[in-house]
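Novice: Handing you this structure, nothing more for now.
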Amino acid sequence: MIYFVTGATGFIGKRLVAKLLEKPAATVYFLTRDKSPERLEALYDFWQTDKSRAIPVVGDLRQPGLGVGKADLKKLKGKVDHYYHLAAVYDLKASAEDQMAANVDGTRHAVELAQQIDAGCFHHVSSIAAAGLFEGIFREDMFEEAENLDHPYFGTKHESERIVRAECKTPWRVYRPGVVVGDSRTGEAEKIDGPYYFFKLIQKMRGMLPPWMPSIGLEGGRINIVPVDFVVDALAYLSHQKNLDGRCFHLTDPHPMRVGDVLNIFARAGHAPEMGMRINAALLGFIPRSVRKSLMALTPVRRIRNAVMKDLGLPEDVMQFINYPTRFDCKETQKALAGSGISVPPLDSYAWKLWDYWERRMDPDLFIDRSLKGRVGGKVVLITGGSSGIGKAAAFKIAAAGAITVIVARDKEKLDETVAEAKAQGLTLIPYSANVADEAQCAEVVRRVIEEHGGVDILVNNAGRSIRRGIENSFDRMHDFDRTMQVNYFGSLRLTMGLLPRMIEKHAGHIINISSIGVLTNAPRFSAYVASKAALDAWTRCAASEFVDRGIEFTTINMPLVKTPMIAPTKLYDHVPTLTPDDAGDMIVDAIVNRPVRIATRLGIFGQVLHAAAPRVAQIIMNTTYRMFPDSSAAKGKGDAPAMPSADQVAFTQIMRGIHF
């Protein structure tokens, strides 16, 4: 048996060739623009054969007759039993011109070649897109009934099928696969489209919420998903059956699922929260198209939409397919496949394989240099509070990655000790002694940094002051509130405002502000500390909105409780689970590498959500902790020895790990 295949290097075509070559006497000719050994070697490895059975034919989809030379035409004339045309563009992001050239002109040229070489049967792999956005059930014997073909992907798929039906004098068969995903046995896939567009959104949800917490999602029409191995097996089988010429076969799932169910299956596969409440996208259908177009013509609306779609990795037109209105009848295909053992496996039986393969090999983030070295190598990073605790741990990691690392702290002696310790490890730290609560000293730091280093690329506002004292014990201590604001809020602002102008000039910069989990959980007994950090959070949100189009990014880290010198006076914390400075340093590294808007623990996010949804419940929980954990003796002005924590206190600290008590 001799075959000719276009699109043999594509996702489906490559696997179809492998399937055809399973026949002992099979020979496959395949179209290629370049038959250099380097290009073909990987194909032969995949097919586990050589050029004696898989023979390249040089040509071009855009040329009449595929541009096949006379020698090859003579070689193929009257020899090809089955001609498979798979070369096409299957991509919503492709331009209309590219889709027209590949799908329409390419099909016409493929038909021309099939007739020139007197092929036995022309097998055209079309798509369910040929139905357009047909309202209702689309049968295999339907074609002209297609509706809403405005989108170039739908329009060109429909037109290419029309060319086969109207212009092909060779016996033909048409196959319309559903939305093709990876192999159901291995998860292997080659590009991101279809449901894969939503994997990044699911991954982001997993990072924000625990898997047991229901979330809000979308509901829409039914999406017909089929794995590539089913498509290949069905195509190879049907193409060899007799008396099927002139017919169309839907290689689709007879039991398609709604968009919401599909997303939840992949959410389970990715260990992300499921979408317990779904908003039906059809509700937006009542808005007239003219109104929607007018809204999208507004610059602010368009910018917001484009930014959201870019952040989620979604193509511009994907949302119009959420309400997919078409159901595909595949009774004739099922009848033709009867007895073959070929059927569509349930999505939930292999979704985890698709997710695992995507996350390990296809996630776009894998192809971005997100190493710390890639982010900070040769760049200037300034860290306040860099002589101890969190700042010191982060400074060592950043210096080891090749950054010009500047550390700022009040105590010159501690700074010198830290620099010496770093030097012993082969690291270089540049110390600046300054109290960030002092405006003149901050101004001097800014002047020196700009003069000596041209400014900074990354600023980490880490220096902080914490006071653990209930309000009842603070009526005569307004200086507590003033001191925390001077360091935590105004100190951060002094450096940030001094260094921002140079970042604006360079159209690049990253500012990381170390905040507290207490801002999210509204920790009692830390009103002075939390208020100062909340002020910094609010300023950061405002600044981020102003500079989002200026190349300057802001990250807030709502840090949980960390075992640093700052909490040492509170002896209760000796018995409470805390992060180590090294753990906290890793959170700063994560901020530098991934540049998120916020980094927070799940418990912190839960506290924020709980306070927004049920503030009275949140207050009761936090009041319970307030009464359970009294002020320290020092805060009360007493010198009593601290008592050992009770069993209830120990249990509560384990449940509420990282929260300030």
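Read-outs: derived from the displayed coordinates by stated rules, not from any lab. Since this is a predicted model, take the numbers as computed values, not measurements. Counting neighbours? That spans all protein chains shown, and the Cβs are built from the backbone with ideal geometry, glycine included.
Novice: With charges only on Cβ, +1 for K and R and -1 for D and E, what is the dipole size of region 1-177 about its Cα centre, in debye, rounded to 20?
Specialist: I would put it at about 880 debye.
Novice: Still on this structure, please answer the following. Could you work out how much longer the chain between Arg165 and Ala420 gets when fully extended? Use 0.36 nm per residue separation minus the Cα distance between them, nm to one decimal.
Specialist: Working: separation 255, 0.36 × 255 = 91.80 nm, distance 7.98 nm.
Going from the current span to full extension adds 83.8 nm.
Novice: Whole-Å semi-axes of region 350-470's equivalent ellipsoid, largest first, each the root of 5 times a Cα gyration tensor eigenvalue?
Specialist: That gives 34, 18, 15 Å for the three semi-axes.
Novice: What do you get for Rg/Rh of region 476-546 when both radii come from the Cα atoms and Rh is the Kirkwood radius?
Specialist: 1.04
Novice: Moving to a separate point now. In square nanometres and to one decimal, what's the mean projected area of the convex hull around the Cα atoms of region 1-177?
Specialist: The directionally averaged projection comes out at 10.2 nm².
Novice: Let me ask you something else. Would you mind calculating the gained length between Leu366 and Arg447 on full extension (0.36 nm times residue separation, minus the Cα-Cα distance), in nm to one decimal?
Specialist: Stretched fully, the Leu366-Arg447 segment lengthens by 25.3 nm.
Novice: Rg (Å, one decimal) plus Dmax (Å, integer) for the alpha carbons of region 323-376?
Specialist: Here Rg and the maximum Cα pair distance are 20.0, 61 Å.
Novice: If you take the beta carbon distance between Glu147 and Arg247 as r and set R0 to 25 Å, what does 1/(1 + (r/R0)^6) give as a FRET efficiency, to the nearest 0.05? List each step's numbers first, then the result.
Specialist: Working: r = 22 Å, r/R0 = 0.88.
Between Glu147 and Arg247 the formula returns 0.70.
Novice: At a 10 angstrom cut-off on C-beta neighbours, averaged per residue, how do the peptides 31-42, 490-501 rank from highest to lowest? The partial results should precede the final answer.
Specialist: Details: 31-42: 12.9, 490-501: 20.7.
Descending mean neighbour count gives 490-501, 31-42.
Novice: Do you know the Lys pair count in region 338-471 for C-alpha distances under 15 Å, with sequence separation 8 or more or different chains?
Specialist: Total qualifying Lys-Lys pairs in region 338-471 comes to 7.
Novice: I would also like to ask the following. What is the set of long-range amide H partners of Met257 at a cut-off below 5 Å, with H atoms built 1.01 Å from backbone N?
Specialist: Close amide H contacts, sequence-distant or interchain: Ile223, Ile225.
Novice: Rank by packing, highest mean first: peptides 537-550, 397-410, with packing defined as the count of other Cβ atoms within 10 Å averaged across residues.
Specialist: Listed from highest to lowest mean packing, they are 397-410, 537-550.
Novice: Stick to Cα atoms and the Kirkwood definition of Rh, then tell me Rg/Rh for region 124-212.
Specialist: Looking at region 124-212, the ratio lands at 1.12.
Novice: Additional query: For a protection proxy built on the mean count of beta-carbon atoms within 10 angstrom, sort 201-211, 139-149 highest first, please.
Specialist: 201-211, 139-149
Novice: What Rg and what Dmax come out for region 393-455 when only alpha-carbon atoms are used, in angstroms?
Specialist: 12.0, 34
Novice: Also: Here is the link list: Lys70/Lys242; Lys169/Lys335; Lys79/Lys335; Lys51/Lys74; Lys70/Lys191; Lys204/Lys533. Which ones come out longer than 29 Å on Cα distance?
Specialist: Cα-Cα > 29 Å for Lys70/Lys242; Lys79/Lys335; Lys70/Lys191; rest within.
Novice: In addition: Modelled label-to-label distance, Met478 and Arg185, 7 Å Cα→beta-carbon offset: nm?
Specialist: Taking the simple label geometry, Met478 and Arg185 are separated by 7.8 nm.
Novice: Next question, about the same structure. Any chance you could get the radius of gyration and Dmax over the Cα atoms of region 33-91, in Å?
Specialist: 12.8, 35
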